[in-house]
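Undergrad: Quick one: structure below, then a few questions.
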2 protein chains.
Amino acid sequence: MKHVTIKDIAKELNLAVSTISRAFNDKYDIRPETKQLILNKAREMGYRPNPIARNLLQQRSMNIGIVIPEFIGSFFPEVIIGAQEVLFKEGYQLLITQSNECYKTEIENVKLLERNMVDGLIISLSHQTKNIECFKELVSSGLPVIFFNRVIDILNTSKVVFDDYKWAFFATEHLIYQNYKKIFHLAGPANLSLAKNRIRGFQNAHKKHRLDVPDSHIIPSGFTIEDGDRVAMEMIENKNIPDAIFAAGDLTAIGAMKVFKRHGYKIPEEIAFVGFSEQTLARHVDPPLTSVAQPTFEIGRTAAKLLIAQIENQGVHIPQTITLSGKLNIRSSSMKLTK
Amino acid sequence: MKHVTIKDIAKELNLAVSTISRAFNDKYDIRPETKQLILNKAREMGYRPNPIARNLLQQRSMNIGIVIPEFIGSFFPEVIIGAQEVLFKEGYQLLITQSNECYKTEIENVKLLERNMVDGLIISLSHQTKNIECFKELVSSGLPVIFFNRVIDILNTSKVVFDDYKWAFFATEHLIYQNYKKIFHLAGPANLSLAKNRIRGFQNAHKKHRLDVPDSHIIPSGFTIEDGDRVAMEMIENKNIPDAIFAAGDLTAIGAMKVFKRHGYKIPEEIAFVGFSEQTLARHVDPPLTSVAQPTFEIGRTAAKLLIAQIENQGVHIPQTITLSGKLNIRSSSMKLTK
DNA sequence: ATTTTTTTCGGAAACGTTACCGGAAACTAT
DNA sequence: ATAGTTTCCGGTAACGTTTCCGAAAAAAAT
């Protein structure tokens, strides 16, 4: 680990360390020839600047932390790729942590990242998270934080969200246009505001078309395949079979679809399915699943941009909420009319 | 960003900074009462040690870099979770980068992590990677590097691999026992040694049972669903239909299965499928896919442990290759005999 | 020719921490 | 009582940078 330092170059060339430093950060006055001399020598000696020392001096780590609830499924990985793209370009590193949808781990991750002096945080909550005291403290401590997707409404930070209401509305309307009547909604975890918005969209689409939705059509579920399995089994046991299902998550839709298929139901003739979030999977199940696509990469990029702006602006920062739009990919899981 | 430092505490208590430092690293001599006094005051003032300063002094970043080819699918995320578990416990941070199976991005990621003074690297290659000069240099520079899963045989580093040969053999044998005769293998990218090992296992299982495998039964593919789609379409066009398929990756198997199902083939009656790597998906497709499960979390944990050992041991390190074992999860996609 | 400005560089302090050296007490042993 | 040992703590030098201040030399202006 005998790293070449700025001092070694200085000694070799009989110059002061400050001169060497100047050669690398061209904002200072230095004669072009000496600069070239230094740069050549540096390359020759295999010098690499030590970011740790620089960070210490500048009181920042150039690290950004990201806290996500899970890794499985393509949604969060794609968000990360988007964020990484922007951050790397600006010289930031991304520290990724995941909580397995567990509140305790989530808090630990935040503390860990805080201890390691990240310059900012990008967070999407676990669906266990109810107690938000910790996040209140975090935000008021002054550390730049951006929430995305699963946000806390009352927290005074910038957020990147999806227009869940609108797209749940469209997705439901699509089923209504296809002439499905008894439409069930597999809702997301109750404490997430995105779940509430999707429910509202589902209800208001019915209202617009003067259709009735009893509360019993809205079934609290989660986001996993197993949740879909479970709910579908219950429907079959209770002999309460819908003719269409709009799920708050693709995986839930896929899980339920699998169970109904196994029990001999024809899809989409007897039951139609629409999912939400466009996992890459949706295209590949049988039949392909109609789903609301979120701009995952764009969510990541936007969150990263907001965060960087806030970091470089310390002090004069106005929290803003950016709402992104998506699209509805219609596939055969919900096509009754045409085939 | 007015962080409380060790100096502030020293001033507040009229003590020397060295004393404060001692209070936190208990290996030094300090009177229990003063230690308590300092610890209390520190908590009161909200002091948090600055790891950047510590790292600068100790010439290490406590960061580990991981370079993986992709994020989609559950394999690599699970490896990461395993590695994270071990690393965090030892105080290391994990910087995650992904290359999208692109050689150029992969190299850039490595350089980026190197610049940022990671103490070690955990790498699984993209399947584009053929030129290994860069990795040779990396290893001979002295930076501790562990490869896993997709490794370079001739490189003198520690590696964590899976017994691809053995499990490909078992998987093939399973199909043979089920009395399938015309078994095709969808092989992985040709330059990965794991792909070669799986091919060998496939061939030798046939040899053991005195069955013939023409080379035309081994079809070069990739690891994605699209690869499976494509290969299956070609088989159908050429009217060259196997009665069983053993794929080097679950996703390839799933893609191919989807196509054959759409064309009316009964699974497993007409065509059986066995995959490799046990993506979480395998359990949820229709019919559920028989697959070789790799100990993903354990791979991550093992790689992390090897790396830490090497880092703390600098100098006297003997490269070792650890081969982990798995199991074959038999599901209905390959069950001809019993149902 | 003298003064002023500009260019180019060296010296030194700082960032927050740990590690070493040594000094002043207090305690033990002769 | 004296010498030796232990216990506790202060002072200071590092780690590799950047940045500020000022000095010497060169160039420009008077």
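The values are calculated or read from the model by the stated rules, or taken from the named source; none is laboratory data. What you see is a predicted model, and the numbers here were worked out from it, not measured in a lab. With ideal geometry, Cβ positions are generated from the backbone for all residues, glycine too; neighbour counts draw on all protein chains shown. Side chains included, ligands, DNA and RNA excluded: accessible areas come from the protein's heavy atoms. Shrake-Rupley method; radii C 1.70, N 1.55, O 1.52, S 1.80 Å.
Undergrad: Got a number for residues in segment A:262-283 being in a helix (DSSP H, G or I) and either open to solvent by 50 Å² or more (accessible area, probe 1.4 Å) or touching a strand residue (DSSP E or B) at 6+ places or on another chain (Cβ under 6 Å) (or both)?
TA: 3
Undergrad: Another question, then. Being modelled with pLDDT of 90 or more and of a type outside the set (A, V, I, L, M) narrows it down to one of B:N131, B:N156, so name that one.
TA: B:N156
Undergrad: Of all residues in segment B:49-65, how many are basic (K, R) and either away from every other protein chain (no Cβ under 14 Å) or within 8 Å of DNA strand C (Cβ to nearest atom) (or both)?
TA: 1
Undergrad: Another one. Are any of the residues in segment A:208-219 farther than 30 Å from A:S124 by Cα and of a type in the set (A, V, I, L, M, F, W, C)?
TA: Yes, that holds for at least one residue.
Each row is one residue, and each column tells you yes or no for (1) over 21 Å from A:G91 (Cβ atoms); (2) away from DNA strand D (no atom under 11 Å from the Cβ); (3) outside the structural domain of A:G91 (by TED's automatic domain parsing).
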residue	(1), (2), (3)
A:L13	yes, yes, yes
A:V17	yes, no, yes
A:E33	yes, yes, yes
A:L39	no, yes, yes
A:E44	yes, yes, yes
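Undergrad: Still on this structure, please answer the following. How about segment B:91-108: which of its residues are closer than 16 Å to A:F297 by Cβ and assigned to a helix (DSSP H, G or I)?
TA: The one that is closer than 16 Å to A:F297 by Cβ and assigned to a helix (DSSP H, G or I): B:T105.
Undergrad: Next up: Answer yes or no: is there a residue in segment B:105-118 that is among the charged types (D, E, K, R), over 20 Å from B:G142 (Cα atoms) and modelled with pLDDT of 90 or more.
TA: No, segment B:105-118 contains no residue that is among the charged types (D, E, K, R), over 20 Å from B:G142 (Cα atoms) and modelled with pLDDT of 90 or more.
Undergrad: Name the one entry in B:V4, B:V17 that is among the aliphatic types (A, V, I, L, M) and in contact with a Lys or Arg (Cβ under 7 Å, 6 or more places away or on another chain).
TA: Among B:V4, B:V17, only B:V17 is among the aliphatic types (A, V, I, L, M) and in contact with a Lys or Arg (Cβ under 7 Å, 6 or more places away or on another chain).
Undergrad: Condition test on A:E137, is it acidic (D, E) and closer than 20 Å to A:Q93 by Cα?
TA: no
Undergrad: While we're here: Specify the residue that is most open to solvent (accessible area, probe 1.4 Å); the eligible residues are those in segment A:53-76 that are within 16 Å of DNA strand D (Cβ to nearest atom) and not in a loop (DSSP other than H, G, I, E, B).
TA: Among those residues, the one meeting the criterion is A:L57.
Undergrad: For A:R22, are the conditions met, namely being within 11 Å of another protein chain (Cβ to nearest Cβ) and under 25 Å from A:E312 (Cβ atoms)?
TA: Taking the combined requirement at face value, the residue does not satisfy it.
Undergrad: Could you check segment A:35-52 and list, in sequence order, the residues that are open to solvent by 60 Å² or more (accessible area, probe 1.4 Å) and part of a helix (DSSP H, G or I)?
TA: A:Q36, A:L37, A:N40, A:R43, A:E44, listed by residue number.
To keep it simple, each residue is scored yes or no on (1) farther than 17 Å from B:I122 by Cβ; (2) within 13 Å of DNA strand C (Cβ to nearest atom).
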| position | (1), (2) |
| --- | --- |
| B:A10 | yes, yes |
| B:S18 | yes, yes |
| B:S21 | yes, yes |
| B:N40 | yes, no |
| B:Y47 | yes, yes |
| B:F76 | no, no |
| B:A83 | no, no |
| B:C102 | yes, no |
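Undergrad: Being more than 10 Å from every other protein chain (Cβ to nearest Cβ) and touching a residue at least 24 places away in the same chain (Cβ under 8 Å) is true for just one of A:I30, A:I68, A:I81. Which residue is that?
TA: A:I68
Undergrad: Are any of the residues in segment B:26-34 in a helix (DSSP H, G or I), at negative phi and hydroxyl-bearing (S, T, Y)?
TA: yes
Undergrad: OK, next. Would you please name the residue that is nearest to DNA strand D (Cβ to nearest atom), looking only at residues in segment A:1-11 that are assigned to a helix (DSSP H, G or I) and open to solvent by less than 100 Å² (accessible area, probe 1.4 Å)?
TA: Looking at residues that are assigned to a helix (DSSP H, G or I) and open to solvent by less than 100 Å² (accessible area, probe 1.4 Å), I get A:I6.
Undergrad: Restricting to segment B:157-190, name every residue that is of a type in the set (A, V, I, L, M) and crowded, with 19+ Cβ neighbours inside 10 Å.
TA: If the condition is that a residue be of a type in the set (A, V, I, L, M) and crowded, with 19+ Cβ neighbours inside 10 Å, then B:V160, B:V161, B:A168, B:A171, B:L175, B:I183, B:L186, B:A187 are the ones that fit.
Undergrad: State whether one or more residues within segment B:299-319 are within 13 Å of chain A (Cβ to nearest Cβ) and over 21 Å from B:R60 (Cβ atoms).
TA: Looking for residues that are within 13 Å of chain A (Cβ to nearest Cβ) and over 21 Å from B:R60 (Cβ atoms), one finds at least one in segment B:299-319, hence yes.
Undergrad: Another question, if that's okay. Out of all the residues in segment B:110-119, is one or more under 16 Å from the mean Cα position of the chain (by Cα), open to solvent by less than 20 Å² (accessible area, probe 1.4 Å) and within 12 Å of chain A (Cβ to nearest Cβ)?
TA: Taking every residue of segment B:110-119 in turn, none turns out to be under 16 Å from the mean Cα position of the chain (by Cα), open to solvent by less than 20 Å² (accessible area, probe 1.4 Å) and within 12 Å of chain A (Cβ to nearest Cβ).
Undergrad: Of the residues that sit in segment B:89-106 and are more than 7 Å from chain A (Cβ to nearest Cβ) and farther than 17 Å from A:I81 by Cα, which one is most open to solvent (accessible area, probe 1.4 Å)?
TA: Among those that are more than 7 Å from chain A (Cβ to nearest Cβ) and farther than 17 Å from A:I81 by Cα, it is B:K89.
Undergrad: State all residues of segment B:23-32 that are near DNA strand C (Cβ under 9 Å from one of its atoms) and of a type in the set (A, V, I, L, M, F, W, C); if no residue qualifies, say none.
TA: Of everything in segment B:23-32, those that are near DNA strand C (Cβ under 9 Å from one of its atoms) and of a type in the set (A, V, I, L, M, F, W, C) turn out to be B:A23, B:F24.
Undergrad: Take A:E114 and decide whether it is away from DNA strand C (no atom under 16 Å from the Cβ) and of a type outside the set (K, R).
TA: So A:E114 fails the test.
Undergrad: Mind checking whether some residue in segment A:310-330 is buried (at least 24 other Cβ atoms within 10 Å of the Cβ) and either at pLDDT 95 or above or closer than 19 Å to B:P287 by Cα (or both)?
TA: Scanning segment A:310-330, I find no residue that is buried (at least 24 other Cβ atoms within 10 Å of the Cβ) and either at pLDDT 95 or above or closer than 19 Å to B:P287 by Cα (or both), so the answer is no.
Undergrad: While we're here: Given the condition within 13 Å of chain B (Cβ to nearest Cβ) and not in a helix (DSSP H, G or I), answer yes or no: does some residue in segment A:233-251 qualify?
TA: Looking through segment A:233-251, none of the residues is within 13 Å of chain B (Cβ to nearest Cβ) and not in a helix (DSSP H, G or I).
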